[in-house]
Ligand SMILES: C[S@@+](CC[C@H](N)C(=O)[O-])C[C@H]1O[C@@H](n2cnc3c(N)ncnc32)[C@H](O)[C@@H]1O
């Protein structure tokens, strides 16, 4: 099935008007789009500027003109667009993986989620949105500078009141109990299996994300030993389509190399705990290189794939023998 999505520009049902201080998503095309704040100052593009006070009082979904006559559509930013504007001191989770994880975790308003590590806060924001307004995300990050940056990022989304940020390594134990879900995204996730088991309510879900097969294997083993039942391991590939009439076909590049593993296992004392475990290659790199692939970006991608690359090479050698 092919999904097609577009954003309407005529505000028939969108009646909310822009207030001073609101964030807006200014859209020229898929490559040229920006987040700005309605109110004071000017917003400069390479094709003219916009007086930001002129946005106040407009309805979302209208066009405005820059000083050089360029049309920009004005939308209320989604979390997706806000996350694209985040500063990224770390790799971030790719949207397709975030969406699937939230569905698998079964998150809903009122849930309690523990997360480690916070990184740039991309996943934190999505978790916060899923459990709002009555739930809470407790996110752990051992690098203070990353946590500060993530806090600023999540504040931008307006969701930070749902989040408790902890500058802490929880490998000796999370401060929470009876959490509905645990999310682990760091290099040595197996260290968090015991603490997560202690912090989760019986039947609570766990999702993990790692960049290599080796990490996956180690984590899966720790999960089985730690009282979880392996539930699912999955790789998600996303293919975009060109939509020009008469030329509708897949884009020549696709977001591949992203893998996601899910696992489920019995919680020895509480019955069953479901786990999702996922891992992903090149998440941020592919994310940020959707426009141009540069030599720097390619080598950054390559650096994330050493084991994968060796494996493929070995197979070919075997075939030749
Ligand atoms: C890949 S990033 C997480 C990215 C995040 N999911 C996002 O979407 O923005 C991994 C983070 O885990 C943090 N981290 C690694 N080991 C940790 C530990 N033992 N305790 C807390 N945080 C840790 C790292 O400092 C890093 O910021």
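Under 29 Å from residue 254 (Cα atoms) and either within 16 Å of the ligand (Cβ to nearest atom) or out of contact with any strand residue (DSSP E or B) (no Cβ under 6 Å at 6 or more places or on another chain) (or both), is that true of residue 47? Reasoning before the result, please.
Details: under 29 Å from residue 254 (Cα atoms): no; either within 16 Å of the ligand (Cβ to nearest atom) or out of contact with any strand residue (DSSP E or B) (no Cβ under 6 Å at 6 or more places or on another chain) (or both): yes.
Considered against the rule, which asks whether it is under 29 Å from residue 254 (Cα atoms) and either within 16 Å of the ligand (Cβ to nearest atom) or out of contact with any strand residue (DSSP E or B) (no Cβ under 6 Å at 6 or more places or on another chain) (or both), residue 47 comes out as no.
Please return the ranges of helices (runs of 4 or more DSSP H) entirely within region 52-165 where 1 or more residues are more than 20 Å from residue 182 (Cβ to Cβ) and under 16 Å from the mean Cα position of the chain (by Cα).
Values: elements: 79-84, 95-105, 122-131, 144-157.
By residue number, 79-84, 95-105, 144-157.
Counting just the residues of region 91-138 that are touching a residue at least 60 places away in the same chain (Cβ under 8 Å) and within 8 Å of the ligand (Cβ to nearest atom), which one comes out surrounded by the fewest Cβ atoms within 10 Å (Cβ to Cβ)?
Out of the qualifying residues, it is 91.
Go through region 169-197 and give me each residue that's away from the ligand (no atom under 11 Å from the Cβ), within 21 Å of residue 128 (Cβ to Cβ), in contact (Cβ under 8 Å) with a residue 40 or more places away in the chain and more than 19 Å from the chain's Cα centre (by Cα).
Once the filter is applied, which keeps residues that are away from the ligand (no atom under 11 Å from the Cβ), within 21 Å of residue 128 (Cβ to Cβ), in contact (Cβ under 8 Å) with a residue 40 or more places away in the chain and more than 19 Å from the chain's Cα centre (by Cα), region 169-197 yields 176, 178, 179, 180, 196.
Which ones in region 139-153 are closer than 14 Å to residue 83 by Cβ and near the ligand (Cβ under 10 Å from one of its atoms)?
149, 150, 153
Residue 193 passes all but one of (1) closer than 21 Å to residue 103 by Cβ; (2) buried (at least 16 other Cβ atoms within 10 Å of the Cβ); which number fails?
So residue 193 meets the others, but not (1).
Could you list, in sequence order, the residues of region 201-212 that are within 9 Å of the ligand (Cβ to nearest atom) and part of a loop (DSSP other than H, G, I, E, B)?
211
Can you report the number of residues in region 230-258 which are modelled with pLDDT of 80 or more, within 23 Å of the chain's Cα centre (by Cα), part of a loop (DSSP other than H, G, I, E, B) and surrounded by fewer than 15 Cβ atoms within 10 Å (Cβ to Cβ)?
Count: 4.
For (1) at pLDDT 95 or above; (2) touching a helix residue (DSSP H, G or I) at 6+ places or on another chain (Cβ under 6 Å); (3) more than 25 Å from residue 24 (Cβ to Cβ), each residue gets a yes or a no:
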site	(1), (2), (3)
82	yes, yes, no
130	yes, yes, no
133	yes, no, no
140	yes, yes, yes
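I'd like to verify a number: residues in region 171-200 that are within 23 Å of residue 88 (Cβ to Cβ) and assigned to a helix (DSSP H, G or I), how many?
Here the count works out to 2.
The values are calculated or read from the model by the stated rules, or taken from the named source; none is laboratory data. The structure displayed is predicted, hence computed values, not measured ones. FYI the Cβ positions are ideal-geometry reconstructions off the backbone, even for glycines, and counts take in every protein chain you see.
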